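Below is one structure, written out as structure tokens; comments come after it.
The values are calculated or read from the model by the stated rules, or taken from the named source; none is laboratory data. These numbers come from a predicted model, not from an experiment. Methodologically, a virtual Cβ is constructed for each residue, glycine included, from the backbone with ideal geometry; neighbour enumeration extends over all protein chains shown. Note: accessible area is taken over every heavy atom of the protein model, side chains too, but ligands, DNA and RNA are not part of it. Shrake-Rupley method; radii C 1.70, N 1.55, O 1.52, S 1.80 Å.
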Amino acid sequence: MNRRKTLGRSLVVLALLAAVYGAAVVLVSDQYYQLMLTLVAVWAIMGISWNVLSGYSGLVSFGHAAFFGLGAYTVALGSVHFSLSPWLTIPAAGLVGAAAGILVGLPTFRLRGHYFALAMLAYPLALLYVFEWLGYQEVAMPMRREAPALYMQFADARVLSMIAGLLLVAAIVASLLIETSRFGMALIAIKQNELAAEGAGIETRKWKLRAIAISGGIAGMVGGFYAVVLIVVTPPSVFGMLTSAQALIVALFGGIGTVWGPVIGAAFLIPLSETLHAELGNVLPGIQGVVFGVAIVGVILLAPEGIFWRIRDMLQARKAPVEPAPAEPAPADRPMPDNVVPIPAGGRDGASGGAGTGGRVMLEVRGVSKNFGGLRAVREVSFTVPEGAVIGIIGPNGAGKTTLFNCLNGFQIPSAGEVLFEGQNLVGLPPSAVCRKGIGRTFQVARPFTRLSVLENVLVGAYAGAADDATAERNAREALTLVGLGGSADRIAGGLANKEQRLMELARALAGKPKLLLLDETLAGLGAAEVEDMVNVIRRLSRTGLTIVIIEHTMQAMVRLADRFIVLDHGALLAEGRPQDVTRDPAVIEAYLGKRWRERA
Ligand SMILES: Nc1ncnc2c1ncn2[C@@H]1O[C@H](COP(=O)(O)OP(=O)(O)OP(=O)(O)O)[C@@H](O)[C@H]1O
């Protein structure tokens with residue numbers, strides 16, 4: 001699998017970097033430049049910490065100084081009050097940072113976007129004042145004449161640089177393991193589209209809490225080490241705005257969402273700002289802040305995602321223009337490959353349009369209503385979906401179709417009523433849990449994870465129904481083959497045409513091995529020939545026994561796809577029955593096409 005290959009290649013790069021850093025530490029004799037090497041590693045680690053939460057999951061944090069400062073004070077106070085060795089208290093600072101991460105994440109993950117970023121800003125500010133009130137304006141690490149090495153006090157500054165290098169290697173390995181695993185995929189999926197990620201079975205809150213715990217842990221640990229390097233800890237130096245900003249800026253400058261970004265950012269910006277500070281600090285105090293400010297403006301203008309991505313995109317563009325994948329025959333025309341197991345067990349036989357309507361009830365919707373303030377978007381809707389059936393939900397714009405879907409898969413909680421899936425009430429379950437029970441869903445507006453490959457997009461859905469990574473990949477590839485995208489697995493999703501994006505979404509929903517598939521306007525925006533292809537794919541899925549509920553405006557396609565129609569109008573069930581009967585129903589014609597059409601009918 002290419003993620004494993006990526007990990008292998010990254011470890012080779014890491015070995016090279018470690019060798020260069022180690023050589024620099026050994027060769028540089030000047031104490032000042034030794035300190036600079038240590039600081040590059042410290043801020044690279046801090047950038048990696050920021051990246052693990054904010055770079056991967058997109059939850060921008062302006063508050064990483066909180067974890068860093070708590071780590072620094074853990075080590076400083078441990079040394080002052082209990083004579084504890086930093087060899088013990090630095091790992092403890094990591095645990096303090098992780099615990100703080102969870103405590104901060106629990107309330108703050110309720111907020112989204114700018115609100116999250118601003119709320120994060122409050123934590124280090126509050127801690128800064130708390131530590132000042134507690135009288136810790138300046139805590140100095142006591143000098144230890146006996147056993148100085150036990151307290152990380154070395155005559156040779158190179159030892160501290162080496163320890164910093166080792167901590168950096170550990171942080172890079174941790175970050176790489178996240179980046180190339182199900183964990184990283186979940187975070188990237190959250191970043192690109194949190195709703196789609198939930199709908200694909202990812203427990204977004206759980207993954208975000210894990211990310212902030214690890215991120216806080218790394219920041220706490222490096223904060224603890226920073227106390228040893230600086231010797232004196234003050235609230236502004238560890239909880240101050242510049243600390244959070246530096247973490248963010250080195251990551252942003254080097255490249256967000258990749259472990260190499262913070263390393264590149266720190267390697268450029270820290271020596272630059274430190275040198276300027278040393279040379280011009282007397283004349284221009286605060287020159288570091290200016291360097292970081294200019295860096296951030298430059299990056300926003302020239303390479304908004306950071307240097308790493310800019311260079312990677314340029315190299316890829318130079319390599320070759322992206323070639324479209326070889327055209328595959330229309331999926332419905334091909335025999336099903338031997339290695340593709342039909343997704344659900346079931347007995348649907350032959351074409352859609354009759355089978356599966358009399359089987360066991362798979363889904364029962366009982367009196368579901370959904371109100372938005374005074375607006376009754378869905379009104380006491382009840383219907384059943386037999387196993388293996390294809391049910392079409394139709395109705396004019398604003399009739400409540402999507403809201404009804406949202407109530408079925410947990411995006412919205414009905415104001416009243418029950419949704420029974422195989423006899424179990426789903427009301428109150430989050431979308432990820434509904435997905436894992438066997439309900440897959442696609443969206444009215446395609447929600448691809450654009451930076452991921454087609455295979456990775458589908459893998460995100462496959463994790464919901466697979467115990468291990470190998471099974472997830474097999475299920476993802478099967479799903480891609482089923483929809484006819486087997487040859488496009490390695491293409492970047494952002495480059496797909498509309499129909500391919502729809503097919504990929506379908507594959508993502510299928511890869512979780514659902515028993516019931518909810519398709520929300522899967523044919524929207526497609527041309528006639530594309531609609532035809534898509535209809536063939538859906539019919540073929542239906543023939544495997546999969547139960548399908550589909551919302552669609554394109555009546556012609558729906559008549560050919562559905563066994564039964566459910567017609568909604570102003571949120572209420574207007575009619576239900578076989579397509580040929582429903583389409584002749586005067587009430588339906590009036591609701592759908594207006595009075596004029598009913599008179600003509
Ligand atoms: N989150 C919300 N808050 C307030 N009103 C909403 C919300 N979601 C939907 N509505 C309203 O509920 C009604 C039903 O909307 P819904 O999107 O479910 O209809 P629809 O049948 O899917 O329409 P379309 O075919 O245009 O997608 C509309 O009047 C819509 O404006």
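In the chain, the DSSP-assigned H stretches of four residues or longer account for a calculated mean residue ellipticity at 222 nm of -18000 deg cm²/dmol, using -39500 (n - 2.57) per stretch and the full residue count as denominator.
To the nearest ten degrees, helix 307-319 and the longest principal axis of the Cα atoms of the chain are 60 degrees apart. Restricting attention to the chain, the count of lysine pairs at 8 or more positions apart or across chains with alpha carbons under 23 Å apart stands at 15. By accessible area, using a 1.4 Å probe on protein heavy atoms only, the chain has 62% of its surface on carbon and sulfur. If you find the alpha carbon centre of the range 274-306 and of the range 532-573, how far apart are they in angstrom? So the two Cα centres are separated by 58 Å. Model label points for residue 84 and residue 110, set 7 angstrom from Cα along the Cα-to-Cβ axis, are 3.2 nm apart.
Treating only the Cα positions of the range 448-513 as identical point scatterers, give the base-10 log of I(q)/I(0) from the Debye formula at each q in 0.12, 0.13, 0.20, 0.27 Å⁻¹. Debye intensities relative to I(0), on a log10 scale: -0.22, -0.26, -0.61, -1.10. Does the range 2-240 come out rounded, prolate or oblate, given a ≥ b ≥ c as the square roots of the eigenvalues of its C-alpha gyration tensor, rounded meaning a/c under 1.5 and, failing that, prolate meaning a/b above b/c? Since a/c reaches 1.5 but b/c is at least a/b, the shape of the range 2-240 is classed as oblate. Sort the range 453-601 into rounded, prolate or oblate with this rule: let a ≥ b ≥ c be the square roots of the eigenvalues of the Cα gyration tensor; rounded if a/c is under 1.5, and if a/c is not under 1.5, prolate when a/b is larger than b/c, oblate otherwise. Taking the square roots of the gyration eigenvalues as a ≥ b ≥ c, the range 453-601 is prolate.
The charge dipole of the chain, taken about the Cα centre with unit charges on the Cβ atoms of Lys, Arg (+1) and Asp, Glu (-1), comes to about 740 debye, rounded to the nearest 20. Using Cβ point charges alone (K and R +1, D and E -1), the dipole size of the range 448-513 about the Cα centre works out to roughly 220 debye. Positive-end ranking of 8, 412, 294 along the dipole of the chain, with charges on Cβ about the Cα centre, is headed by 412. The range 197-262 and the range 76-123 have Cα centres spaced 10 Å apart. Dipole orientation for the chain: of the candidates 509, 523, 572, 572 has the Cα lying most toward the positive pole (charges on Cβ; Lys, Arg +1; Asp, Glu -1).
Global dimensions of the chain from alpha-carbon coordinates: Rg and Dmax equal 28.7, 101 Å. Taking the Cα centre of the range 2-240 as reference, the dipole from Cβ charges on Lys and Arg (+1) and Asp and Glu (-1) amounts to some 820 debye. Counting charges near residue 380 (Lys, Arg +1; Asp, Glu -1) among other residues having Cβ under 11 Å from its Cβ returns a value of +4. Taking one quarter of the surface of the C-alpha convex hull of the range 468-548 gives a mean projected area of 5.5 nm². What the chain shows is 43 Å² of accessible area per residue, with the surface traced by a 1.4 Å probe over protein heavy atoms.
Relative to the longest principal axis of the Cα atoms of the chain, helix 157-179 runs at roughly 0 degrees. Of the residues 480, 264, 494, the one whose Cα sits farthest towards the positive end of the charge dipole of the chain is 480 (charges of +1 on Lys and Arg Cβ, -1 on Asp and Glu Cβ, taken about the Cα centre).
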